[in-house]
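The values are calculated or read from the model by the stated rules, or taken from the named source; none is laboratory data. These figures come from a predicted structure and were not determined experimentally. Neighbour counts are summed over all protein chains in view; Cβ atoms, including those assigned to glycine, are modelled from backbone coordinates with ideal geometry. The protein model used for the area step is the full one, side chains on, heavy atoms only, and it has no ligands, DNA or RNA in it. Shrake-Rupley method; radii C 1.70, N 1.55, O 1.52, S 1.80 Å.
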Amino acid sequence: MLKKWGNLSLSLVITAGLMAGCSSGGNDTADKASTPQQVSNLNETGLPIVKEKIALDFFTGKWNGNSSNYDDVLVWKKYQEMSNIDVNFNLVPFESLTEKRNLALAGGDYPDVFYSARVGSSELTRYGPQGIFIPLNDLIDKYAPNFKKLMEENPDIRKGLTMPDGNIYSLPSVYDPNFLSMLIGTPLWVNEDWLKQLKMEEPKTIDEFYTYLKAVKETDLNGNGKKDEIPYGGTGITSIIDQIKGAWGLGTKGLGHKFVDVVPDTNQLRFTKTLPEFKEMLQFMNKLYSEGLIDKEIFTIESGALNAKGQADLLGSTIVPNPDTIMGKDNFIGLGALEGPHGDKLYSHVKVPMVHVGAFAITDKNEHTEATIRWMDHFYGQEGATFFFMGEEGTTYNKNANGDLEYIDKITNNPDGLTMDQALTKYFTWTGGSYPGFVKEEYFKGSETLPNSMEAAQKAEPNAVEDIWYNFNFTNEETEFMSSVGKDIQDYIGEMEAKFVNGSASFDQWEEYVSTIEKMGLEEYMKVYQAAYERYNAS
């Protein structure tokens, strides 16, 4: 059931904004005191977390495929018994999450915890110093040994979590930096059966990829008597740009920073979207589009229609999590880094391991902060993470002869005809993403762990971005700039990318395009980035 914060009026937002402007802010909650009764009720280690049961109220983001009542989900029923903490999950659909989260924060009618609620760094920067989100630095140090160890082993996590005032206000959703298949997420797939029909080797260069696409267009590879094959099909051009730009040496810090990276030799910041290399890459994309090697519907098609084309055996290449699980096609292989025209061979399509900075945040209304951080910390350890993703041995999973974890047949081969995702929702809520926690290959069994996904990651690994930038956290003033001038610059670039690719803008307009970006405020944009970069390195 949704609480009343879902229906707050806009007047509350305006009122709260005025009040915030008059507030002195500060970090009065940095060492939020617990009552002697609360301290005596806490078990500092082990389970249960508390001696006498307590209740907590969570604002919880929900994927539409998950259960509508978390009390009925095995992992939460069991964890309530294990922890002695009764969590009231107030479920808010992801589709309306941002609006209702913002209303709750602005209106003051918010819960003990924001869980799986996608709280952004700008909100943490704004509401943390006001005292709404409490600093977690000391709590992590004293009561979160699993997460503390994780930050010690992965210092970039601390960098990405530390806000400009030096405080940590949230716990993240983070992937194991060594789990490359998960960080790639959506490889560039090619149809292996068609490669064999064409007697071609797997493409290793950008030119060989073009040659393959050209052959797909000119050959009736699906044998239906029509030339209806689609050499490359996807939803929008961003995915393929992000996949191939490494062939021009772009994207040296991974997918988290699509407009700025560094010059490899000097580590100086550079704005990539105005570089000659980026122009050349767009010219290659325009060549593909003008020759009919990219689906003509790429700018408008949605994922369901793309999947239908895959199921109909029309695609020569695509970018999705896995054609096997999405389209029912097991005849695709993922490509590694493609070498470009100047010898560049960088696999830059690598996501930031910390996918949600604010997956878990405790508010000043929480009277059991120590117990709450312990409740969450359990899931950052091996035992708790295995429980969260796999459940109970013998009930939801078993170990095979090699010691690997496998879901029971009732999940992977459901007798009622349920898909794996549908079968999982009786036991878990991690499907749909955005959960706080640490994802490792050994206990995460999504499509990224299928053999062809793992093979694609192995190909990418030798040329993959090594030093991935985590998120930069901007000050309130910098956030205002990036959400206004910065957004205008990024929106303009998105529009022009599409026009350059589809030919509605000539490359004779390139200098005008660069000049427009400079006039829009590129110099200030880079100053803001530089300041955030320096703070990031100093964290």
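Quick notes on this structure:
- DSSP bridge pairs, the chain: antiparallel proportion in percent, nearest 5: 50
- Three-way shape call for the range 442-518 based on the alpha-carbon gyration tensor, with the a/c threshold at 1.5: oblate
- Taking amide H as placed 1.01 Å from N in the peptide plane, T205 has its amide H under 5 Å from the amide H of E339, each at least 5 places away in sequence or on another chain.
- Stretch gain in nm, segment N476-K226, where the contour uses 0.36 nm per residue and the Cα spacing is subtracted: 84.3 nm
- Rounded, prolate or oblate (a/c below 1.5 giving rounded, otherwise prolate when a/b exceeds b/c) for the range 91-185 by Cα gyration tensor: oblate
- Report note on the peptides 117-126, 513-522: ranked by the mean count of other C-beta atoms within 10 Å, highest first, their order is 117-126, 513-522.
- Carbon + sulfur, % of accessible area of the range 177-322 - ligands and nucleic acids excluded, 1.4 Å: 46
- Potential extension, D416-E523 segment - 0.36 nm per residue separation minus Cα distance: 32.6 nm
- Inter-centroid distance (Cα atoms) of the range 189-251 relative to the range 55-79, Å: 42
- Here's the list of aspartates and glutamates a cross-link from K279 could span, going by alpha-carbon distance under 15 Å and ignoring same-chain residues fewer than 8 apart: D242, E495, E497, D508, E511, E512.
- Listed cross-link partners K142/K365; K217/K459; K273/K440; K351/K459; K148/K527; K199/K440 are compared with a 28 Å cut-off, the Cα-Cα value being larger for K273/K440; K148/K527; K199/K440.
- Net charge of neighbours whose Cβ lies under 14 Å from the Cβ of K204, counting Lys and Arg as +1 and Asp and Glu as -1: -4
- Residues in the range 384-539 average 49 Å² of solvent-accessible surface per residue, probe 1.4 Å, ligands and nucleic acids excluded.
- Remark: the range 55-178 carries 36 Å² of accessible area per residue (probe radius 1.4 Å; ligands, DNA and RNA excluded).
- Measuring between their Cα centroids, the range 301-376 and the range 480-517 lie 26 Å from each other.
- A 1.4 Å probe run over the protein chains yields, for the range 310-353, 33 Å² of accessible area per residue, whole-number rounding.
- Stretching E393 away from E81 to a fully extended chain increases their span by 110.6 nm, per 0.36 nm per residue minus the current alpha-carbon distance.
- Distance-filtered residues of the range 134-176 - backbone nitrogen under 15 Å, label point 7 angstrom along E383 Cα→Cβ: 144-147
- Taking the helices alone, the chain has a mean residue ellipticity at 222 nm of -11500 deg cm²/dmol, built from -39,500 (n - 2.57) per DSSP H run of at least 4 residues and averaged over all its residues.
- Look at the alpha carbon pairs under 8 Å that are at least 6 residues apart: their mean separation over the length of the chain gives a relative contact order of 23 percent.
- Under 5 Å between amide hydrogens, built in the peptide plane, is the criterion, and for G358 it picks out V119 among residues at least 5 positions away or on other chains.
- Sulfur and carbon atoms: percent of accessible area, the range 332-468 [1.4 Å]: 42
- Prolate/oblate/rounded call for the chain, Cα gyration tensor, a/c under 1.5 rounded: oblate
- In terms of packing, defined here as the mean over residues of other Cβ atoms within 10 angstrom, the peptides 180-189, 213-222, 433-442 line up highest first as 180-189, 433-442, 213-222.
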